[in-house]
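Participant: Got a structure here, written out as structure tokens. Questions coming.
The values are calculated or read from the model by the stated rules, or taken from the named source; none is laboratory data. Because the structure is a prediction, the values reported are computed rather than measured. A quick note on method: Cβ atoms are made from the backbone with ideal geometry, for glycine too, and the neighbour counts reach across all protein chains shown.
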Amino acid sequence: MEKIRVRFAPSPTGELHIGGARTALFNWLFARHSGGKMILRIDDTDRQRSSQEYFSSILESMKWLGLTWDEGPDIGGDYGPYIQSENLHKYRELAEQLVRDGKAYYCFCTAEQLEAEKEKQRQKGQPPRYSGRCRLLSEEERERRKLNESYVIRFITPREGETVVEDIIRGRVAFENKIFDDFIIIKSDGLPTYNFASVIDDHNMAISHVIRAEEHLSNTPRQIIIAHSLGFQVPLYAHVPMILAPDHSKLSKRHGATSVQEYRDMGILPEALVNYLALLGWSPGEDKEIMDIKEIVDLFSLERVSKNPAIYDIKKLTWLNGYYLRTLKLEKITERALPFMQRKFNINTERNTAKYKEIERIIDLVRDRVKTLQEMADASNYFFEDDFQYDEKGVKKHFRKEGVGEVLTEVSHVLQRVEPFEAEKIRDELHDLGRKLNVSLSRINLPTRLALTGRTMGPELFDIISLLGKDRVINRLKKARELFELS
RNA sequence: GGCCCCUUCGUCUAAUCGGUGAGGACACCAGCCUUUCAAGCUGGCAGCAGGGGUUCAAAUCCCCUAGGGGUCACCA
């Protein structure tokens, strides 16, 4: 069997979005599962929209997800160049070879002419197709006009027969050749079109399996025809289903976050995103949902990729993220959470400092009850700032009650004495206080929590007290009594 | 519009060669646990797009209809 080589070939015209990431993931999984090679190629033949920024950002997103590549623009390889704009002479050369062989021709039609032609066809209810007019130009006329007119190169498509795509996921898909018109392979700016360039690169890079989104299925016969005319062997194809928005339309900006970067900024973990994306259009065939990347690599196969489009459900992603947030190693979560903490609280922390240790403890307390790293930072504010808002409903419910001031004063007195200031000890003391005052524990805890955190809910109160430290606790109890005139 | 692909709970999906009470997960609801909120546990709600065939037997095979998506670019 030939060596397995797959490629992910984004065009640097935008951030890496969810759909692209999933395609990259499936390529990567297939390569890693089968011991093949993963190649990263940049399809930047759209001169207008491609940019260096997007190029870097796509690479960064892939690295963040852990999708590594064996050959690519940044690390090179034996099959370069891995950026199409660095391979322009090659496309040009092959296109001209096709012209010489009578398989392609120069076309001088202007955009206006073509538009008028299409409009006419539309009115007649015909599909818009290029007439093939320039194919008939005499060699003499062609050479003359090449001198001072801009032109494209069109590929001559067969009029008869059919072209079959053998797709690993979809099976045999046949297209009648007569539906194709003479499409462009070299644009007037001299750059190749996608259909042309990717066929050449896939061949030159010895790609064995082309795994890409289903939107490319209809283009595949064109590419196969080109490959045949160039004498190339065609790779195996696998067209994975699209990812759709909740309203069944194509995923776009108006549906909220669509790029990998946005998810990272929201505080989604790469582990969760990878796990979720793997589940979109693929399943291991057993009742298993939570899988680390190693497990997914083991279980992955293209045969188990489903045919139907999947609707993107952020709630499930969020659930998975919450799961990873509370089960991954604390050190790892701390590392990931730190930027969010720093941004929100303007703190400066370095590893192995006391402050770092404290943050780690805070995260350990908070992580059980949040779904993203951003929420984690939001939920920890009272550990970093003394000046917080008090929950309005909570104030009405817990502070506006007979004897609250007295309770808080008692709590203050009790805590004053506790030594060492540890959660367990604090809990025992407050239990005792409850018995002494003959009130339920909630009568003590709820107002205390509100006074210390401004909130009615959150982590274990005794842990909070211990972590806050005696001084801050006593001060906040006092502040609450004064602020709300509790007696 | 032509061509192509797709169709199992609201959503992601499972159901080896046709025989299942159509399974799991998210979401939602309820209960338990409990100092709050989560988490966890238990239970519940909910689906084979419709219609014809083939067959002793169809979610599964065939046909039709409907619906969704893709593509028909000098974008990829």
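Participant: Which ones in region A:458-480 are free of Cβ contacts under 8 Å to residues at least 60 places away in the same chain, surrounded by fewer than 18 Cβ atoms within 10 Å (Cβ to Cβ) and more than 18 Å from A:THR409 (Cβ to Cβ)?
Facilitator: Passing the criteria: only A:GLY469.
Participant: Which one of these does A:ARG254 not meet: (1) surrounded by 15 or more Cβ atoms within 10 Å (Cβ to Cβ); (2) within 14 Å of RNA strand B (Cβ to nearest atom)?
Facilitator: Among (1) surrounded by 15 or more Cβ atoms within 10 Å (Cβ to Cβ); (2) within 14 Å of RNA strand B (Cβ to nearest atom), A:ARG254 violates only (1).
Participant: Please go through (1) touching a Leu at 6+ places or on another chain (Cβ under 6 Å); (2) assigned to a helix (DSSP H, G or I) for A:LEU29 and return the number of the only condition it doesn't satisfy.
Facilitator: Single failed check for A:LEU29: (1).
Participant: Do you know which residues across region A:435-456 are surrounded by fewer than 17 Cβ atoms within 10 Å (Cβ to Cβ) and either without any contact (Cβ under 8 Å) to a residue 12 or more places away in the chain or more than 9 Å from RNA strand B (Cβ to nearest atom) (or both)?
Facilitator: Within region A:435-456, A:ARG435, A:LYS436, A:LEU437, A:ASN438, A:VAL439, A:SER440, A:LEU441, A:SER442 meet the criteria.
Participant: Considering A:GLU93, A:GLU60, A:GLU119, A:GLU71, which residue is more than 16 Å from A:ALA197 (Cα to Cα) and loosely packed, with under 13 Cβ neighbours inside 10 Å?
Facilitator: That would be A:GLU119, the only listed residue that is more than 16 Å from A:ALA197 (Cα to Cα) and loosely packed, with under 13 Cβ neighbours inside 10 Å.
Participant: Among all residue pairs at least 6 apart or on different chains, which show Cβ distances below 7 Å where the first residue, located in region A:205-222, is without any contact (Cβ under 8 Å) to a residue 24 or more places away in the chain and the second is in a strand (DSSP E or B) and more than 6 Å from RNA strand B (Cβ to nearest atom)?
Facilitator: Note: pairs meeting the criteria are A:HIS216/A:HIS239.
Participant: Being of a type in the set (S, T, N, Q) and under 20 Å from A:LEU325 (Cβ atoms) is the filter here, so list the residues in region A:374-402 that pass it.
Facilitator: A:GLN374, A:SER380, A:ASN381, listed by residue number.
Participant: Taking strands (runs of 3 or more DSSP E) that fall entirely within region A:120-220, which contain at least 3 residues that are within 7 Å of RNA strand B (Cβ to nearest atom) and either modelled with pLDDT of 95 or more or under 18 Å from A:VAL234 (Cα atoms) (or both)?
Facilitator: Output list reads A:171-176.
Participant: Filter region A:405-414 for residues that are among the hydrophobic types (A, V, I, L, M, F, W, C) and more than 24 Å from A:PHE384 (Cβ to Cβ); which is modelled with the highest pLDDT?
Facilitator: Pass one, region A:405-414, residues among the hydrophobic types (A, V, I, L, M, F, W, C): A:407-408, A:411, A:414.
Now restrict to residues that are more than 24 Å from A:PHE384 (Cβ to Cβ): A:407, A:414.
Values: A:VAL407: 91, A:VAL414: 94.
Here the residue is A:VAL414.
Participant: Within region A:415-455, can you find the residues that are acidic (Asp, Glu) and either modelled with pLDDT of 90 or more or within 18 Å of A:GLY405 (Cα to Cα) (or both)? Working first, answer last.
Facilitator: First, the residues of region A:415-455 that are acidic (Asp, Glu): A:419, A:422, A:424, A:428-429, A:432.
Matches in region A:415-455: A:GLU422, A:GLU424, A:ASP428, A:GLU429, A:ASP432.
Participant: Just to be sure I understand, how many residues within region A:457-487 are within 14 Å of RNA strand B (Cβ to nearest atom), of a type outside the set (Val, Ile, Thr) and in a helix (DSSP H, G or I)? Walk me through it before giving the result.
Facilitator: First pass over region A:457-487, keeping only residues within 14 Å of RNA strand B (Cβ to nearest atom): A:457-467.
Add one more test, that the residue is of a type outside the set (Val, Ile, Thr), and what stays is A:457-463, A:466-467.
Next cut, in a helix (DSSP H, G or I) only: A:461-463, A:466-467.
Residues that pass the stated criteria total 5.
Participant: Say we look at region A:221-233 and pick out the residues that are buried (at least 20 other Cβ atoms within 10 Å of the Cβ) and more than 9 Å from RNA strand B (Cβ to nearest atom); which of these is nearest to A:ASN195 (Cα to Cα)?
Facilitator: This residue is A:GLN223.
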